[in-house]
Amino acid sequence: MSDFTQRAPIALNDPTLRRNFRRAMDGLMSKRAAQFADPAAWAALRERGAMAKARAVARLPELLEQLEAKCTANGIHVHWAETTAQANAIVLGILQKAGAKKVIKGKSMVSEEMELNHFLEGHGIKAVESDLGEYIIQLAHEAPSHIVMPCIHKNKGEIAQLFADNIDGLGYTEDVDALTAAARRVLRDEFATADAGISGVNVAVAETGTLVLVENEGNGRLSTTLPPLHIALMGIEKLAETLDDVAPLLSLLPRSATGQPITTYVNMITSPRKPGEKDGPQAVHLVLLDSGRSRVYADEQLRDTLRCIRCGACMNHCPVYTRVGGHTYKFVYPGPIGKILTPQLEGLDCAGDQPHASTLCNACVEVCPVKIPLADLLVRLRTESVHSGHSQAVKGAGSRRSLHETLSWRGWQFMYAHPWAYGLATRLMARLGNLIPAKAPLMRQWTSVRTKPKFAGKTLHELARDKGFDHE
Amino acid sequence: MSETARANILGRLRAARRTSIPALPAWDAPAYAVDERIGRFCQLLETLHAEVHRVTEAGWPQQLRTVLAGRAASLMVAPETESGRRLAADWSQDAPRLVPYDRPVEEMKTTLVHGVDAGLTTAVAGIAETGTLVLWPDAAEPRLLSLLPPIHVALVRASTVVDNLPELMRDQGWSSRMPTNVVLVSGPSKTADIEQTLAYGVHGPKELVVLVIED
């Protein structure tokens, strides 16, 4: 099922899913609000963070080269991939050369874009997710429903059953400490025997060639420290110019995401293990993934999409996301950021429904820590989806153009430009409007979810004349 | 493949119309009065589920033994560090067994992953704004010492506690001397992935003990 409007009712009629999301999003919204209680401090910090990302986007090509040069000088191998297929091939090549049979993974949305786990399993390499949420959905063979909290759609009971079915020696328990301890036991052995660790990157610092990763569990640190080989995956936009930009971005990211002043761990990696050091990977690779981002970059307005630091605040505050959950969007990035990013990465011809799954209420715009004008971009993409030839910025532009809609608007335009046509049409509707069945073509889509309006017996002009107004 | 990809990606980015580069607005991270700083640092760490003890330079080894009594049978230390040397020279028989992290991880994996109860590291600084320890692992003090044992004990000198991260980065000139790895630690390992219920010790230490040395 490809269309959002077909999937949404299924989610809306699932009371468990509705409850799970409502509870989680309410909690996240109030925790975030408490973190930014001082409006002046929020405004100053947000402006600093937004401009840091705006500068990084404006200078993207030279910063990528600087990052590459710095990383290389620090001993990190840098790879470039135009497509997810290329990125998968690069990762596989590195792993095969090292003879790796098992990788342990920290959370990475880019790896979800690549469908890396599936790809590696197809080549005989086992990929184990180690973030607790990712581990849970890997057991359930599901995709993340949120970019920060991947298993937020599941409740305790569902997770308890999943663990009882999959972990040897563990009975059904809803005790969160017991569930967490069970995951620790299983995954600790996986860490100890993994041949490589794979992670994402939250911020890459061009000035120093440093990869910054934030997390609470310690699985990210383990994945990037214990195995002999570390492969980091990042989208080409995840850059900061200088180390100076890291502090404001670190102050915005966890507070916006989970309402925490700081994550338990901020892990800054600048090189592989140096001579004399006792641990850390012997080799570190960085894979830079484009996958449509450089096309987004071509358009000056759409380019703002690339500021995103993936905090998830937009989805936490979205009235649509909260009600339908992340899986309804079908693609890797759900919620408002997904609605603007997915059609640009995948094309409007296959994700053109996404920008329409919004009320344009502006809640996402108000909380975005890097000031992405999400509502403007949603409107722009809606326009692109019905105007072929408007610009070449987005793949599949005009793919949602329909003859019905075009003709309706042409008719509307004609009516409003010609007073005689307007008078004729309104008088006709006043006399005959109530005779048109609700299921008539053109009207059906509107009346499928609304009561058909009742037409008054006289037009506004006729009523005005009756009251004695002869000229408008 | 990577070379062609690089040329194509950079080519597309360069072909796009340039926009002006916005100026960076001024922003100051929060600062605190001198007499508030340490109090805030300790209090925030406790809020973040850490156990904080304020100790003296002379008395911290004794305090460490007291803290670990009944909780840990073994303590892993970095023998080439100042704190490691001091403990080796002055440690009692009834205290937890000292295990030196003195060989590459490949030779010590089993001990590290399953065999020790606690690990001791020294923080290079503390940050009052967020209740954060700054770890700067090196050849003498390995990275996994603060990560694999279920209890992480960190020493931090009160004089090294600063207001915020930007100040620390500037004062210590980080941008010209980033090491292999820097870690900011704010509390024990935790997760809220199951119904937003906090649980500690999911992968890293379940307990974080901070000894603040008054100097």
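What follows is calculated from the coordinates using simple rules that are stated; it is not laboratory data. No experiment lies behind these values; they were computed from the predicted model shown. Cβ sites come from the backbone with ideal geometry, for glycine too, and all protein chains shown count toward neighbours.
Scanning for something under 27 Å from the mean Cα position of the chain (by Cα), outside any loop (DSSP other than H, G, I, E, B), within 14 Å of chain B (Cβ to nearest Cβ) and under 24 Å from A:L229 (Cβ atoms), does the range A:135-157 turn up at least one residue?
Within the range A:135-157 (the criterion being under 27 Å from the mean Cα position of the chain (by Cα), outside any loop (DSSP other than H, G, I, E, B), within 14 Å of chain B (Cβ to nearest Cβ) and under 24 Å from A:L229 (Cβ atoms)), the answer is yes, since at least one residue qualifies.
Just one of A:R22, A:R32 is touching a residue at least 60 places away in the same chain (Cβ under 8 Å), away from every other protein chain (no Cβ under 11 Å), within 30 Å of A:I159 (Cα to Cα) and surrounded by fewer than 15 Cβ atoms within 10 Å (Cβ to Cβ); which is it?
None of the others qualify; the one that does is A:R22.
Scan the range A:209-242 for residues that are surrounded by fewer than 24 Cβ atoms within 10 Å (Cβ to Cβ) and hydroxyl-bearing (S, T, Y) and report the count.
1
Taking the range A:95-114, which residues are more than 15 Å from the chain's Cα centre (by Cα) and in a loop (DSSP other than H, G, I, E, B)? Before the answer, list the steps.
Here is the first cut: in the range A:95-114, the ones more than 15 Å from the chain's Cα centre (by Cα) are A:95-106.
The answer is A:A98, A:G99, A:A100, A:K101, A:G106.
Where residues in the range B:59-105 are loosely packed, with under 14 Cβ neighbours inside 10 Å and hydroxyl-bearing (S, T, Y), which of them is nearest to the chain's Cα centre (by Cα)?
This residue is B:T66.
Restricting the range A:75-85 to residues that are touching a strand residue (DSSP E or B) at 6+ places or on another chain (Cβ under 8 Å) and within 8 Å of chain B (Cβ to nearest Cβ), which is farthest from A:L286 (Cα to Cα)? Even if it seems obvious, please write down each step before you answer.
Narrowing the range A:75-85 to residues touching a strand residue (DSSP E or B) at 6+ places or on another chain (Cβ under 8 Å): A:75-81, A:84.
Checking which are within 8 Å of chain B (Cβ to nearest Cβ) leaves us with A:79-81.
Values: A:H79: 6, A:W80: 9, A:A81: 11 Å.
Filtering first and then ranking leaves A:A81.
Scan the range A:321-372 for residues that are under 26 Å from A:A43 (Cα atoms), outside any loop (DSSP other than H, G, I, E, B) and not hydroxyl-bearing (S, T, Y) and report the count.
12
Just one of B:H49, B:H53 is more than 7 Å from chain A (Cβ to nearest Cβ) and on the phi > 0 side of the Ramachandran plot; which is it? Let's see the steps before the verdict.
Values: B:H53 fails: on the phi > 0 side of the Ramachandran plot.
From the options B:H49, B:H53, the qualifying one is B:H49.
Going through the range A:158-167 one residue at a time, which ones are away from chain B (no Cβ under 13 Å), in contact (Cβ under 8 Å) with a residue 12 or more places away in the chain and hydrophobic (A, V, I, L, M, F, W, C)?
Within the range A:158-167, just A:I167 meets the criteria.
Consider the range A:69-93. How many of its residues are in contact (Cβ under 8 Å) with a residue 60 or more places away in the chain, surrounded by 20 or more Cβ atoms within 10 Å (Cβ to Cβ) and assigned to a helix (DSSP H, G or I)?
Qualifying residue count, the range A:69-93: 6.
For (1) over 30 Å from A:I137 (Cα atoms); (2) buried (at least 24 other Cβ atoms within 10 Å of the Cβ), each residue gets a yes or a no:
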site: B:L120; (1), (2): yes, yes
site: B:D138; (1), (2): yes, no
site: B:A158; (1), (2): yes, no
site: B:W174; (1), (2): yes, no
site: B:M178; (1), (2): yes, no
site: B:T191; (1), (2): no, yes
site: B:E195; (1), (2): no, no
site: B:E207; (1), (2): no, no
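Among the residues of the range B:40-58, are any over 20 Å from the mean Cα position of the chain (by Cα) and assigned to a loop (DSSP other than H, G, I, E, B)?
yes
Does B:G131 satisfy the criteria of being within 11 Å of chain A (Cβ to nearest Cβ), among the small types (G, A, S) and either within 17 Å of the chain's Cα centre (by Cα) or surrounded by 18 or more Cβ atoms within 10 Å (Cβ to Cβ) (or both)? It would help to see each step written out before you state the result.
Working: within 11 Å of chain A (Cβ to nearest Cβ): yes; among the small types (G, A, S): yes; either within 17 Å of the chain's Cα centre (by Cα) or surrounded by 18 or more Cβ atoms within 10 Å (Cβ to Cβ) (or both): yes.
Judged against the criteria, B:G131 is a match.
Yes/no per residue for (1) out of contact with any Pro (no Cβ under 9 Å at 6 or more places or on another chain); (2) under 28 Å from B:P179 (Cβ atoms); (3) hydrophobic (A, V, I, L, M, F, W, C); (4) free of Cβ contacts under 8 Å to residues at least 24 places away in the same chain:
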position: A:Q66; (1), (2), (3), (4): yes, yes, no, no
position: A:L95; (1), (2), (3), (4): yes, yes, yes, no
position: A:G99; (1), (2), (3), (4): yes, no, no, no
position: A:N117; (1), (2), (3), (4): yes, no, no, yes
position: A:V128; (1), (2), (3), (4): yes, no, yes, no
position: A:P150; (1), (2), (3), (4): no, no, no, no
position: A:K154; (1), (2), (3), (4): yes, no, no, no
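Name the one entry in A:A425, A:A456, A:A393, A:A375 that is part of a loop (DSSP other than H, G, I, E, B), of a type in the set (A, V, I, L, M, F, W, C) and surrounded by 16 or more Cβ atoms within 10 Å (Cβ to Cβ). If you could, list the steps in order and put the result at the bottom.
Working: A:A425 fails: part of a loop (DSSP other than H, G, I, E, B); A:A456 fails: surrounded by 16 or more Cβ atoms within 10 Å (Cβ to Cβ); A:A375 fails: part of a loop (DSSP other than H, G, I, E, B).
Every option except A:A393 fails the conditions.
Go over the candidates A:L233, A:L306 one by one and state the one that is in a strand (DSSP E or B) and closer than 27 Å to B:E3 by Cβ. Full working, then the answer.
Details: A:L306 fails: in a strand (DSSP E or B).
Exactly one residue qualifies, and that residue is A:L233.
Select the strands (runs of 3 or more DSSP E) contained entirely in the range B:96-137, then report the ones holding at least 3 residues which are over 22 Å from B:V185 (Cα atoms).
Details: elements: B:97-100, B:118-122, B:125-127, B:132-135.
By residue number, B:97-100.
Which one is surrounded by the fewest Cβ atoms within 10 Å (Cβ to Cβ), of the residues in the range A:243-262 that are in a loop (DSSP other than H, G, I, E, B) and more than 7 Å from chain B (Cβ to nearest Cβ)?
The qualifying residue surrounded by the fewest Cβ atoms within 10 Å (Cβ to Cβ) is A:G259.
Whether any residue in the range A:218-226 is within 26 Å of B:R177 (Cβ to Cβ), of a type in the set (S, T, N, Q) and more than 11 Å from chain B (Cβ to nearest Cβ) is what I want to check. Can you show your working first?
Taking the range A:218-226 first, the residues within 26 Å of B:R177 (Cβ to Cβ) are A:218, A:220-226.
Filter once more, so that each one left must be of a type in the set (S, T, N, Q): A:223-225.
Restricting the remaining residues to those that are more than 11 Å from chain B (Cβ to nearest Cβ) gives none.
No.
If we keep just the residues of the range B:138-154 that are of a type outside the set (D, E, K, R) and outside any loop (DSSP other than H, G, I, E, B), which is nearest to B:G39 (Cα to Cα)? Write out each step before concluding.
Step one: of the range B:138-154, the residues of a type outside the set (D, E, K, R) are B:139-140, B:142, B:144-154.
With outside any loop (DSSP other than H, G, I, E, B) added as a condition, the list becomes B:144-146, B:151-154.
Details: B:L144: 29, B:L145: 27, B:S146: 24, B:I151: 23, B:H152: 21, B:V153: 19, B:A154: 17 Å.
Top of the filtered list is B:A154.
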